[in-house]
Ligand code: PMP
C-alpha cells in the first residue's frame with residue numbers, strides 16, 4: 001500500500017494545496033476527512049446534468065436520481081452487511097442519527113424510572129441527546145467509566161445494568177483517546193440482560209471492517225464526511241424489528257402513507273424516518289467514497305494507519321515533556337497529547353503557521369477531559385493518505401514549537 005500513497009494523494013486535490021506557502025500536512029482527520037476527486041466531481045456532475053428531486057417524479061431525471069440515491073443505500077447495506085436494505089436510514093450525520101434514536105427509541109421503549117448507560121469517553125453528541133431524553137422521561141443516566149490508560153472498565157458493566165436499563169450508547173473508537181472499545185463484548189453482556197446497544201461508529205467506520213450482523217449491535221451510526229464522503233450525510237443502521245416499533249422522528253413529505261385531517265398513517269422503512277427532501281446529491285456522491293474505500297480495501301487501510309499511529313507514537317515520546325492522553329492497548333489513528341504546562345492551543349497555532357493542521361481543545365468530549373483533570377489536548381489524527389514523512393515533519397515542527405513556547 002505504501003507504494004500507492006503517492007498515487008492516492010493525487011486523488012485528493014486539497015492535499016496539493018499550500019498553506020502559508022508551505023505544503024499542507026493535514027492531521028485533523030478525526031474532525032473530517034478530505035474528499036477524493038470522484039466525490040467532488042460527482043456532486044458537480046449531478047447538479048449540472050441530473051438534478052431532480054428523488055422519489056416524487058415520473059420523469060427521466062427524477063427516476064435517475066432516485067435510482068442513484070437508492071443505489072447508495074444498497075452500497076451501504078453491503079458495506080456494513082446489514083440484513084435488510086431498509087435498515088439503512090439517511091440522516092444528516094452521526095449527531096442526527098443519535099438524536100433520532102434517543103427521541104424515537106425513547107418514545108417507544110423508555111419510561112419514567114428507566115436507565116440509560118453511556119461511557120465516560122463519549123462525544124457530546126452521544127451524551128446530550130440521552131440527557132434530554134432522561135429529562136423528558138424522568139429517567140436516569142449511568143456512566144461506564146474508563147481507567148487511566150483510556151480503556152473502558154468492562155467489569156463495571158454487569159453492576160451498572162439493572163432490570164431498568166433500556167439502552168447502552170457507546171463509541172466504537174474514542175475521538176479523543178483513540179481507544180478501540182470491545183463493542184462485541186459490551187453487546188454480548190447487554191443482550192444477555194435484554195438491553196439494546198447503540199454503537200457510535202463516527203470514528204470506527206473509516207478505520208476498520210464493520211459487520212453489523214456479526215457485531216449484533218441494535219443501532220450503528222456514522223457520518224459520511226469522516227469516511228471521505230460529503231458533509232451533511234449520515235447513516236443510521238437499526239435492526240428492522242426495533243425500527244418498526246419506533247415512531248417517526250420528524251414528519252412531513254415522504255414519510256407518510258396517507259394523510260387526512262383526521263389521521264395520518266406512516267410510510268414503511270426506511271422512508272418513515274426520512275421526512276422531507278433528503279440531501280440526495282450528497283448521498284449519491286457518498287456512494288463514490290465507499291467505492292473508493294472498497295477499492296483500496298479497509299484491511300489495507302487499517303494496517304497502514306496502524307503503522308502510522310505506531311510510528312507517530314514512538315517519535316512523539318522522544319520529545320521531552322510529552323504526555324500521551326489515551327494509552328489503551330488497542331488504538332486507532334488518534335494521538336492526543338499534552339506538553340507540560342503549555343496550552344494546547346498555543347502548540348496548534350504555531351504548528352498551523354508551519355502548514356500543519358492538528359486540532360486542539362476538548363474535542364467535544366469534556367467528560368474525558370474531566371477524567372484526566374485537563375482542559376484540553378492537542379490531537380493529531382491520521383488517514384491513509386498521510387505519510388511517514390508527514391509525521392516526521394509534524395514531530396520536527398512540534399519540537400520547534402515547544403522550544404519557542406518554553
Ligand atoms: N461521535 C464521535 C465519536 C465523533 O468523533 C463525532 C465527530 N467528531 C461525532 C460523534 C459527531 O459527528 P458529526 O458531527 O459528524 O455528527
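Would you check which residues across the stretch 104-133 are closer than 28 Å to residue 178 by Cα and more than 14 Å from the ligand (Cβ to nearest atom) and list them?
Once the filter is applied, which keeps residues that are closer than 28 Å to residue 178 by Cα and more than 14 Å from the ligand (Cβ to nearest atom), the stretch 104-133 yields 115, 116, 117, 131, 132, 133.
What are the residues in the stretch 367-378 that are surrounded by fewer than 17 Cβ atoms within 10 Å (Cβ to Cβ) and modelled with pLDDT of 95 or more, if any?
Matches in the stretch 367-378: 370, 373, 374.
Quick check, is residue 367 within 16 Å of the ligand (Cβ to nearest atom) and more than 30 Å from residue 35 (Cβ to Cβ)? Step through it out loud before you land on a result.
Details: within 16 Å of the ligand (Cβ to nearest atom): yes; more than 30 Å from residue 35 (Cβ to Cβ): yes.
Yes; evaluated as a whole, the condition is true for this residue.
Condition first: at pLDDT 95 or above and within 30 Å of residue 38 (Cβ to Cβ). Can you find one or more residues in the stretch 178-187 that meet it? Step through it out loud before you land on a result.
Step one: filter the stretch 178-187 for residues at pLDDT 95 or above, giving 178-187.
Now restrict to residues that are within 30 Å of residue 38 (Cβ to Cβ): 178, 180.
Checked the stretch 178-187: at least one residue is at pLDDT 95 or above and within 30 Å of residue 38 (Cβ to Cβ).
When the stretch 369-389 is examined, which residues are found to be part of a helix (DSSP H, G or I) and out of contact with any helix residue (DSSP H, G or I) (no Cβ under 9 Å at 6 or more places or on another chain)?
369, 370, 371, 372, 389
Please specify each residue of the stretch 143-154 satisfying the condition of being closer than 20 Å to residue 172 by Cβ and surrounded by fewer than 18 Cβ atoms within 10 Å (Cβ to Cβ).
143, 145, 147, 149, 153, 154
In the stretch 366-397, which residues are without any contact (Cβ under 8 Å) to a residue 60 or more places away in the chain, out of contact with any strand residue (DSSP E or B) (no Cβ under 9 Å at 6 or more places or on another chain) and closer than 20 Å to residue 175 by Cβ?
Selection gives 370, 373.
Give the residue that is surrounded by the most Cβ atoms within 10 Å (Cβ to Cβ), with candidates limited to residues of the stretch 311-365 that are assigned to a helix (DSSP H, G or I) and free of Cβ contacts under 8 Å to residues at least 40 places away in the same chain. Outline the logic, then answer.
Narrowing the stretch 311-365 to residues assigned to a helix (DSSP H, G or I): 311-316, 344-353.
Adding the requirement that they be free of Cβ contacts under 8 Å to residues at least 40 places away in the same chain leaves 313-314, 344-345, 348-349.
Values: 313: 16, 314: 11, 344: 22, 345: 13, 348: 20, 349: 13.
The qualifying residue surrounded by the most Cβ atoms within 10 Å (Cβ to Cβ) is 344.
Do you know which residues across the stretch 171-202 are more than 10 Å from the ligand (Cβ to nearest atom), closer than 19 Å to residue 141 by Cα and in contact with a helix residue (DSSP H, G or I) (Cβ under 9 Å, 6 or more places away or on another chain)?
Selection gives 186, 187, 189, 190, 193, 195, 196, 197, 198, 199.
So how many residues does the stretch 226-246 have that are surrounded by 24 or more Cβ atoms within 10 Å (Cβ to Cβ) and either in a loop (DSSP other than H, G, I, E, B) or near the ligand (Cβ under 9 Å from one of its atoms) (or both)?
So the count comes out to 5.
The values are calculated or read from the model by the stated rules, or taken from the named source; none is laboratory data. Since this is a predicted model, take the numbers as computed values, not measurements. Every residue, glycine as well, gets a Cβ built from its backbone with ideal geometry; the counts of neighbours run over all protein chains shown.
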